[in-house]
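The values are calculated or read from the model by the stated rules, or taken from the named source; none is laboratory data. Small disclaimer: the values here were computed from a predicted structure and weren't measured. Glycine also receives a Cβ, built like all others from the backbone with ideal geometry; neighbour counts cover every protein chain displayed.
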Amino acid sequence: MWFHRVRDRLDAASSASPHGDRGLSTVEVVILAPVMILFILVLVGFGQLVEGRGAIDSAARDAARAGSIQKDRGTAMAEAKRAASSNLTDVCSGPVTVTQTSGGFEPGGFFTVEVSCTIRGLKMLGLDLPTELTGRSTSPLDPYRRAA
């Protein structure tokens, strides 16, 4: 059978040089394993960055919407900060900054906020690189917002 012929040829080839390739697989593993582990960790780190970007953008959207339905600017900023902070508790390693970038708070206008924080994405890899991400969102001021 063909299988037996192939097996016999492989046996003959391996017996011709019994010590020539010994330990080669170990060397390959020792060299390639750390490279592969580093590659996987870098992929995980970039995944954390992408997840952080999505979380920041989502928090900015929620903060703008929470502020746009309030009756005055002070309450709007307090609710925007509360909404952004609650969205980013698992993502940010420091304080969450919420800044209103739109002028005024008159009916028919817009409420724009900028949310930023330092994400902890690369700290799990042992790389303490400060990664400050910023998201911005705008929401129209609700004409039927709370009056009292």
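Structure notes:
- Scanning segment 63-79 for residues that are not acidic (Asp, Glu) and not in a helix (DSSP H, G or I), we see that the one that is farthest from residue 119 (Cα to Cα) is 71.
- Output for segment 74-95, where each listed residue is out of contact with any strand residue (DSSP E or B) (no Cβ under 9 Å at 6 or more places or on another chain), under 22 Å from residue 131 (Cα atoms) and not charged (D, E, K, R): 86, 89
- Qualifying residue in segment 80-90 (condition: in contact with a Ser or Thr (Cβ under 8 Å, 6 or more places away or on another chain), in a helix (DSSP H, G or I) and not hydrophobic (A, V, I, L, M, F, W, C)): yes
- Residue within segment 16-34 that is within 23 Å of residue 131 (Cα to Cα), at pLDDT 80 or above, among the β-branched types (Val, Ile, Thr) and not in a loop (DSSP other than H, G, I, E, B) present: no
- Condition check for residue 39: modelled with pLDDT of 75 or more, part of a helix (DSSP H, G or I) and aromatic (Phe, Trp, Tyr): yes
- Qualifying residue in segment 65-75 (condition: modelled with pLDDT of 90 or more and surrounded by fewer than 13 Cβ atoms within 10 Å (Cβ to Cβ)): yes
- Taking segment 102-115 as the range and being over 16 Å from residue 133 (Cα atoms) and either surrounded by 13 or more Cβ atoms within 10 Å (Cβ to Cβ) or within 21 Å of the chain's Cα centre (by Cα) (or both) as the test, the residues that pass are 102, 105, 109, 110, 111, 112.
- Scan of segment 37-52 for residues that are surrounded by 16 or more Cβ atoms within 10 Å (Cβ to Cβ) and out of contact with any helix residue (DSSP H, G or I) (no Cβ under 9 Å at 6 or more places or on another chain), ordered by number: 52
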